[in-house]
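Report on the structure given below.
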Amino acid sequence: MPGFDRLAIIGMGLIGSSIARAARKAGCAGTIVAIDRDRGVIERVVELGIADTATTDAAQGVRDADCVILCVPVMANAALAALIGPHLAAGALVSDVGSVKGAVVRDVAPHLPEGVHFVPAHPVAGTEHSGPDAGFAELFVRRWSILTPPEGTDPAAIARIRRFWEALGANVEIMTPDHHDLVLAITSHVPHLIAYNIVGTAADMERVTQSEVIKFSAGGFRDFTRIAASDPTMWRDVFLTNREAVLEMLGRFNEDLLALQRMIRWGDGDGLHALFTRTRAIRRGIIASGQETAAPDFGRPHGALPPPPDEAQ
Ligand code: NAP
């Protein structure tokens with residue numbers, strides 16, 4: 001069976017609650033134990049019925065689990081690993097979902113006892129919403145889940161967590177933590193930083209009133225606001241723990257931005273056109289790979305035309 005007898009999930013937010021829902025739907029967890037530090041979250045998990053048992057006590061919750069998945073902000077993992085380490089069952093598999101992998105490997109591994117297998121993972125799937133109500137079982141379908149096992153990890157443990165993610169509908173790829181952090185810096189972390197920056201700049205502008213920013217947001221700004229609404233704690237942790245890769249990619253980004261600035265200044269229309277043609281092809285590639293809808297405007301519904309004047313009377 002591609003699953004576990006007793007799956008403990010720590011952090012019942014968007015990702016943790018989605019794993020609980022998906023594992024239940026796929027039938028790949030005998031018992032699902034939900035763990036969260038917040039009593040309100042645990043009460044909500046019980047109301048939603050997405051786990052078999054729920055507790056705020058992480059040490060007690062992980063006992064007898066054959067798989068424990070940490071679903072908390074990246075910088076919360078170290079303290080959590082130290083807390084649960086002594087209570088893990090022999091032979092248990094510990095994984096996580098953090099958006100940065102080097103820091104997780106560095107912070108978690110030292111707290112895990114001998115005989116416990118550690119296979120970090122990052123499902124590259126999410127939304128701008130947080131908390132147990134935001135999760136849904138289909139979140140990982142046809143999305144990539146990247147495993148970054150430290151050198152020397154038991155291949156059977158890697159195969160087990162791979163089968164688990166595949167049962168949730170995900171495609172699985174394996175890479176080193178450093179490579180993961182570099183790739184995600186340009187595909188996820190820098191785009192989020194740009195969105196946070198552009199939305200912050202617009203919010204600070206004095207010449208354009210905030211109501212105009214909102215009113216005319218469909219011109220492009222609105223798509224940045226979705227990303228810039230992502231969880232502040234999660235993203236603070238991402239930038240503080242993937243500092244080097246993000247700074248490296250930002251350096252390249254700044255050089256390319258300067259080149260664009262020069263093209264605009266010198267009226268280099270051919271240069272601009274050539275770049276925009278290349279970038280359009282990247283979007284087409286993402287759609288062709290099934291990672292995005294081909295529907296115009298992300299498939300947003302458009303209202304009906306108002307009735308002609310004579311019908312309206
Ligand atoms: P979320 O919805 O905010 O849920 C995080 C959960 O962790 C909350 O229940 C939170 O409790 C708990 N938590 C926070 N700090 C904690 C601490 N110090 N100790 C114990 N529990 C703590 O966040 P999420 O979007 O599911 O993200 C969780 C992880 O998934 C992060 O590592 C993130 O990098 C990764 N990830 C996120 C996405 C995405 O798009 N959101 C995608 C892939 C991976 P409180 O409410 O009490 O703070």
**OP:** Go ahead and run the numbers for FRET between E255 and H179, Cβ-Cβ distance against an R0 of 30 Å, rounding to 0.05.
**Re:** 0.85
Original post:
Taking 0.36 nm per intervening residue step and subtracting the Cα-Cα distance, what contour gain separates Q291 from R39 on full extension?
Top reply: 87.1 nm
Original post:
Which percent of Cα pairs goes in each bin when the distances of the range 179-293 are cut into 5 angstrom slices starting at zero?
Top reply: 2, 9, 14, 17, 21, 20, 12, 4, 0
Original post:
How much accessible surface area, in Å² rounded to 10, belongs to the heavy atoms of S211 with a 1.4 Å probe?
Top reply: 80 Å²
**OP:** Might you tell me the accessible area per residue for the chain, computed with a 1.4 Å probe and given in Å²?
**Re:** 55 Å²
Subject >> Chain lengthening between M205 and E248 when straightened (0.36 nm per residue, less Cα-Cα) >> reply: 12.6 nm
Original post:
Hey, can you rank 88-98, 262-272, 50-60, 151-161 by average C-beta count inside 10 Å, highest first?
Top reply: 88-98, 50-60, 151-161, 262-272
Subject >> Rounded to the nearest 20 debye, dipole of the chain from Cβ charges on Lys, Arg, Asp, Glu >> reply: 420 debye
Original post:
When ranked by the protection proxy of mean other Cβ atoms within 10 Å per residue, highest first, what sequence do the peptides 168-181, 243-256 form?
Top reply: 168-181, 243-256
Subject >> Theoretical gain in end-to-end length, L305 to R280 [0.36 nm per residue, Cα-Cα removed] >> reply: 6.0 nm
Subject >> All-pairs Cα distance distribution in the chain, expressed in whole percent, bin size 10 Å >> reply: 5, 23, 31, 21, 12, 6, 2, 0
Original post:
For the chain, what % of the accessible area comes from carbon and sulfur atoms, probe 1.4 Å?
Top reply: 56 percent
Subject >> Model label zone, W144; criterion: amide N under 11 Å from point 7 Å along Cα-to-beta-carbon; scope the range 152-180 >> reply: 171-175, 180
**OP:** Before anything else, pin down the relative contact order of the range 4-175: Cα pairs under 8 Å, at least 6 apart, normalised by residue count, whole percent.
**Re:** 23 percent
Original post:
Leaving out ligands, DNA and RNA but keeping every protein chain, what accessible area does F136 have, in Å² rounded to the nearest 10, with a 1.4 Å probe?
Top reply: 80 Å²
Original post:
What spacing in nm lies between the two simple spin-label points modelled at R106 and V46, each 7 Å away from Cα in the Cβ direction?
Top reply: 4.0 nm
Subject >> FRET efficiency, 1/(1 + (r/R0)^6) with R0 45 Å, evaluated for A156 and R222 via beta carbons >> reply: 0.45
Original post:
At a Förster distance of 41 Å, what's the computed FRET efficiency of D270 paired with N171, Cβ-Cβ distance as r, to 0.05?
Top reply: 0.60
Subject >> Debye equation applied to the C-alpha atoms of the range 4-175, log10 I(q)/I(0) at 0.18 Å⁻¹ >> reply: -1.12
**OP:** Using only Cα atoms, locate the centre of the range 96-165 and the centre of the range 32-64, then give the distance between them in Å, rounded to an integer.
**Re:** 19 Å
Original post:
Which order do peptides 125-132, 274-281 fall in by mean Cβ count within 10 Å, highest first?
Top reply: 125-132, 274-281
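The values are calculated or read from the model by the stated rules, or taken from the named source; none is laboratory data. Here the structure is a predicted model, which means the values were calculated and not measured. All Cβ positions, glycine included, derive from the backbone under ideal geometry; neighbour counts span all protein chains shown. Surface accessibility is based on the protein's heavy atoms, side chains included, excluding ligands, DNA and RNA. Shrake-Rupley method; radii C 1.70, N 1.55, O 1.52, S 1.80 Å.
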